[in-house]
Structures are given as structure tokens and as C-alpha cells.
Amino acid sequence: MVYRWATVERVSTRVGIVWLIDKQRGVCDSQKAMPFSAEELRDLPDIISAPRFATYLQAKGGHVADALELYAWNAEVSAAFMVPLHLAEVAIRNAAAEAIQAVHGANWPWVNGFIRGLPRAHGRSYDAGTNLQAVAQVQPTVGKVVSELNFVFWEKVFTTSQDFKIWDQQLWAVLPGCPGIAGGMTVAQARAQVHADLHHVRKLRNRIAHHEPIFVRRLADDLAVVRRLIAWRRPEAANWMDKVERVSGLLAIQP
């Protein structure tokens with residue numbers, strides 16, 4: 001088979017197989033790699049820790065080498081998700097910031113009316129207003145505030161309480177890739193979908209950040225959710241993500 005090497009990348013899962021992935025056609029070839037050494041089989045499970053490694057052992061019927069291969073693949077696909085997740089977070093937080101600015105002005109992080117209108121929390125739950133005030137007290141510019149706010153802040157902005165003040169007027173403007181009314185979707189429905197998607201993405205992001213197993217998830221569906229957020233912001237950005245993301249290729253070779 002002749003490969004277009006400009007589109008091919010080498011992905012190793014360390015045990016047994018080194019895969020060549022063509023981004024246009026998926027997996028296109030494989031070659032044998034060195035198996036785990038006796039020392040690696042002995043030491044790596046201990047380094048990973050018995051409780052953490054048990055998930056992978058159970059998935060592979062107690063076979064240590066296969067479990068280590070799955071562990072390595074899980075780490076690789078987790079890393080690969082960071083590019084789509086990065087783009088989705090930046091896209092949506094900038095969209096939300098534009099919408100908020102259109103309503104509350106260029107200095108919105110310091111506008112009491114906006115802060116008071118944010119969803120309030122009780123007890124030890126996350127409070128968007130408290131988060132915003134804490135960040136705005138130490139960051140000198142709106143751009144710095146936007147980049148330092150917790151991811152969940154943007155999820156809280158896409159709630160029902162902001163429909164009348166922000167989203168009824170601004171959602172189609174800042175998310176031009178959304179199907180919209182022509183696609184049979186109201187502002188409230190679109191805003192609710194973004195809220196649900198952000199919640200979904202935040203849970204995935206947190207599992208990856210804490211090095212948790214994600215191989216049991218429906219990762220193709222996860223990628224589709226991330227892509228939808230990007231596409232609603234700008235369809236061409238989602239098309240670019242399709243060209244650079246490595247998740248799809250890795251899903252094709254899950255051990």
C-alpha cells in the first residue's frame with residue numbers, strides 16, 4: 001500500500017503494535033514493537049498503584065501486559081483529547097464573554113448588576129459570582145479575567161436565568177453555527193444544549209486532568225459533543241479540528 005506520508009502519523013501503544021494512522025482513512029498499517037520487559041511487567045503496575053491498575057486488569061481478564069497496553073492507550077487518547085477540549089473551551093468562553101460585553105459593557109467583570117444576576121450557590125457548592133469577584137480583584141484586564149475563571153463559570157452563564165438578559169438577544173450572534181430557528185431550535189433550547197454540552201465536557205475534562213480511566217466511556221460521542229460546541233461557534237474551526245485531532249485514529253486501535 002502507498003501512503004500519503006504528509007497525512008500519516010506514528011502512534012505507539014508500546015506493546016505489540018506500532019500503528020500508522022492516516023488521518024483521511026484511519027488505520028492503514030501496523031508493525032511489531034518490543035513487548036514489555038520482565039522488569040516493566042514487575043515495576044509498572046506498582047508505580048501505577050494496585051487500586052488504579054485494577055481497573056485495567058479487570059478489563060483485560062488479569063493479563064498484566066494487555067492491561068499495561070490499555071493503560072498506555074488510555075493515557076494517549078487522554079492526551080489527544082486536549083486539543084479538541086482546548087479549542088472548545090476557548091471558543092465558548094470567548095463567545096460568552098462577547099455576549100456579556102454586548103449587554104453589560106466592556107468592564108462587565110466589575111459590573112455589580114451582572115454579578116448579582118449570576119446563579120447563586122448554597123453551602124459549599126460552586127458560586128459563579130464569588131469566583132468572578134475573586135478573579136476580578138487580582139486580574140487587571142477583562143482578557144485575564146476570562147482566562148482565569150473556572151471552566152464551570154461558563155457553564156453557569158448558560159442557564160435559564162440569563163435568557164432574558166443575555167441569550168435572547170445575543171445567542172445567535174455569538175454562536176452563528178447553531179442551527180437556530182431555521183433548524184427548529186429556539187434560543188432556550190440552544191442555550192440549554194450548550195449548557196448540557198459544557199457540563200458533559202467538564203466531566204470528561206476533569207477525568208482526564210485527574211488521570212482517570214476514560215476507555216470505558218463512549219469516546220466517539222464525547223468527541224462529537226466537543227465538536228458541536230466548536231462548530232456552533234464557527235463551523236470552519238470545527239473543520240480545522242477534524243484535520244488536526246488524533247482522537248479518531250486512536251479510537252480505531254483501542255486495545
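Each reported figure results from applying straightforward, stated rules to the coordinates on display, with no laboratory input. Computed from a prediction, not measured in an experiment: that's the story for all the values here. Positions of Cβ are backbone-derived with ideal geometry, glycine not excepted, and every protein chain shown enters the neighbour counts.
Here are some notes:
- In a residue-by-residue description of the range 231-239, the property of being crowded, with 19+ Cβ neighbours inside 10 Å and within 30 Å of A67 (Cβ to Cβ) applies to no position.
- Hey, F114 more than 20 Å from N206 (Cβ to Cβ), touching a Phe, Trp or Tyr at 6+ places or on another chain (Cβ under 8 Å) and not hydroxyl-bearing (S, T, Y) or not: yes
- P140, sole failed condition from (1) out of contact with any Asp or Glu (no Cβ under 8 Å at 6 or more places or on another chain); (2) in contact (Cβ under 8 Å) with a residue 24 or more places away in the chain: (2)
The rows are residues; the columns are (1) aliphatic (A, V, I, L, M); (2) closer than 24 Å to Q189 by Cα; (3) in contact with a Pro (Cβ under 9 Å, 6 or more places away or on another chain).
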| residue | (1), (2), (3) |
| --- | --- |
| A128 | yes, yes, yes |
| A134 | yes, no, no |
| V145 | yes, no, yes |
| F151 | no, yes, no |
| W154 | no, yes, no |
| F158 | no, yes, no |
| W167 | no, yes, no |
| A173 | yes, yes, no |
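- Given (1) among the acidic types (D, E); (2) without any contact (Cβ under 8 Å) to a residue 24 or more places away in the chain; (3) under 30 Å from F53 (Cβ atoms), index of the condition D222 fails: (2)
- Subset of the range 45-67 that is touching a helix residue (DSSP H, G or I) at 6+ places or on another chain (Cβ under 6 Å) and either free of Cβ contacts under 8 Å to residues at least 60 places away in the same chain or assigned to a loop (DSSP other than H, G, I, E, B) (or both) - its residue that is nearest to R202 (Cα to Cα): F53
- Subset of the range 84-93 [out of contact with any Lys or Arg (no Cβ under 6 Å at 6 or more places or on another chain) and in contact (Cβ under 8 Å) with a residue 60 or more places away in the chain]: P84, L87, A88, E89, I92, R93
- Some residue of the range 234-252 being closer than 15 Å to E155 by Cβ and not β-branched (V, I, T): no
- Residue count for the range 72-94, restricted to those that are farther than 21 Å from E148 by Cβ, surrounded by 16 or more Cβ atoms within 10 Å (Cβ to Cβ) and among the β-branched types (V, I, T): 1
- Residues in the range 240-250 that are surrounded by fewer than 18 Cβ atoms within 10 Å (Cβ to Cβ), in contact (Cβ under 8 Å) with a residue 60 or more places away in the chain and either touching an Asp or Glu at 6+ places or on another chain (Cβ under 6 Å) or of a type outside the set (S, T, Y) (or both): K243, V244.
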